[in-house]
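The values are calculated or read from the model by the stated rules, or taken from the named source; none is laboratory data. Note that the structure is predicted; figures quoted are calculated from it, not measured. Backbone-built Cβ (ideal geometry, glycine too); neighbour counts: all protein chains shown.
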Amino acid sequence: MAVTTKNLPQLYRFCFLMTGDASKAQSAFQDTVREAASRSAGDEPPPDRLWFFRDARGRCLAVGEQGLQAEPGMLEEAEISPMAPEQIASLAPAQLALWISAAPEPQRSALALFYLDEFSLAELLSLLEMKAGEFSELICSGRRQFQSWLDSTIAYYEGGAFDAGQI
């Protein structure tokens, strides 16, 4: 399936999740679309929609090297809370993007692609060039780390969510 204008917002979202910065995301997104147009003009169109995400991933990683780098190592983890959907719903999109973009690679790419909810497992494994067990480990660990971050950022009480940093 080729990329259509319907897929372009997801490609930009992916770039935003990967970089955590609107201008870097826009740059990676535009460069990817420009490269696809150039290939199409030269009778070598991108073979499928996965090409767009592979190309954008490489560009996002390159752009990301110019700024702050993710810290390798273990982050605190917490069990997934039944209140997690409400906590996540109270986040601004930029908060999620900043958290994902701060993850070390390849976890950052795995989380960004996973949270797009755009790909089958086979497509995710192909995009990331990894085995199912490795992917599962990255996602499970990332979700527990994200829950820990949510718990420290968006506390939940009986009446709803509030910003834990305001306490």
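A few comments on the model shown:
- Residues (touching a helix residue (DSSP H, G or I) at 6+ places or on another chain (Cβ under 8 Å) and part of a loop (DSSP other than H, G, I, E, B)) located in the range 40-64: PRO45, PRO46
- Every residue from the range 108-122 that is surrounded by 22 or more Cβ atoms within 10 Å (Cβ to Cβ) and without any contact (Cβ under 8 Å) to a residue 40 or more places away in the chain: ALA110
- Any pair with Cβ under 8 angstrom, 6 or more apart, that starts in the range 1-13 at a residue that is more than 21 Å from SER23 (Cα to Cα) and ends at one that is modelled with pLDDT of 65 or more and assigned to a helix (DSSP H, G or I): MET1/ARG49; ALA2/ARG49; VAL3/LEU11; VAL3/ALA36; VAL3/ARG49; VAL3/PHE52
- Across the range 33-53, not a single residue is classified as surrounded by fewer than 16 Cβ atoms within 10 Å (Cβ to Cβ), of a type outside the set (Asp, Glu) and either under 25 Å from GLN147 (Cα atoms) or touching a Leu at 6+ places or on another chain (Cβ under 6 Å) (or both).
- Residue in the range 74-92 that is surrounded by fewer than 16 Cβ atoms within 10 Å (Cβ to Cβ), at pLDDT 90 or above and of a type in the set (Ser, Thr, Tyr) present: no
- Filter result for the condition that a residue is of a type outside the set (D, E, K, R), more than 17 Å from PRO9 (Cα to Cα) and in contact (Cβ under 8 Å) with a residue 40 or more places away in the chain, over PRO46, PRO82: PRO46
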